[in-house]
1. Give the lysines whose C-alpha is closer than 27 Å to that of Lys92, dropping any in the same chain fewer than 8 places away, or say none.
2. Taking every alpha carbon pair in the chain, what does the distance histogram look like in 20 angstrom bins from 0, in percent?
3. Eight or more residues apart or on different chains, and alpha-carbon atoms under 15 Å: count the Lys pairs in segment 209-319 matching that.
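Nothing in this text is a laboratory measurement; each read-out follows from the coordinates by a stated rule. What you see is a predicted model, and the numbers here were worked out from it, not measured in a lab.
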Amino acid sequence: MSIEKTIETYKTQMHLYKKLSEEVKYVIDQKISDKNIKIDNLFCREKSIESLTKKIKRKSYKNPLDEITDLAGVRVVSYYEPDIQNIKEIIKKNFNVHEHVDKTKALGVDKMGYHGSHFVVSLGDRYSGTRYDGIINLRCEIQVRTVLQDAWALISHHLVYKEESSIPDRMKRDLNNVASLLEISQGTFDSMREKRECYISEIHEKEKAPANFLSQPVDYDTLYAYTKWKYKDLPVSDNWHIRLLSDLNLQKYPTLEAIDNIVERTKEAVNAYQKENSTWFRDGTAYITKSLGFGDEEFRNKHGFGQKTRDAFLKYKHLVKNTT
């Protein structure tokens, strides 16, 4: 089939590949959310006419539309290497896998690598109904990478070195050095996450003994755990949690106990304000922030509270307990 004929045929099918890529993306997104896997990006697309034309001209195909497997494409970009395995399992359980290739990460003059995993899948008979008309047996390529692997793939692709043999010798060393640094960096980030997860587990373990729990130094994770511990039925506001920490004088509040003391001293004033304006107390972070506002003039001036809240600080000042 000529290139022109192939392109004309593909134009009549593009909407199906778009539909397929969106469906595969939807399934992966739902399953990733179910497993609470945090990812950087989930992207889908149908192959453009320009890209398909270039690929056909670059390679020899007898039947391009049958042989090319990435007419529909989905890319999953995760933060950490350990999550890749969980994402692979999601793909294997929810699609018919026709091909699975783990790109090499071996480094050296003759092997560049540092890519991710590629799957070629179809929906198969497990998906039925008019929603899937025309796309059940079409194939979709799924790429699974970490953020750093994705950076490597995008930059190396921009340099137009799609084959290792095409790279000038003078540049192979530099490219391999970059690949090596990315791999080392990925390992470091993965290790840091593991250490942080262990640290968070240790923090929560101390909740069983309040004295030990409150003796911990104040940082992002301990204050987050304290907020959940103190206000069990309320969420933590991630954005305001960061702002709270940036405005907090850690010399004045070296431990969670110091935070807890001011929360207890200002509890009556905070509760009185909450009854007056409950919409501003939808998360535990708001309670702690208002507690500090009521009890600490330095924090109050730095945090930048609105006028209504500043008026409340004066209105309910008499309810704040003095330090002993």
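1. Candidates past the 8-residue exclusion: Lys18, Lys19, Lys25, Lys31, Lys35, Lys38, Lys47, Lys103, Lys105.
2. Over the chain, the share of Cα pairs per 20 Å bin runs 24, 37, 29, 10, 0 percent.
3. Counting lysine pairs in segment 209-319 gives 15.
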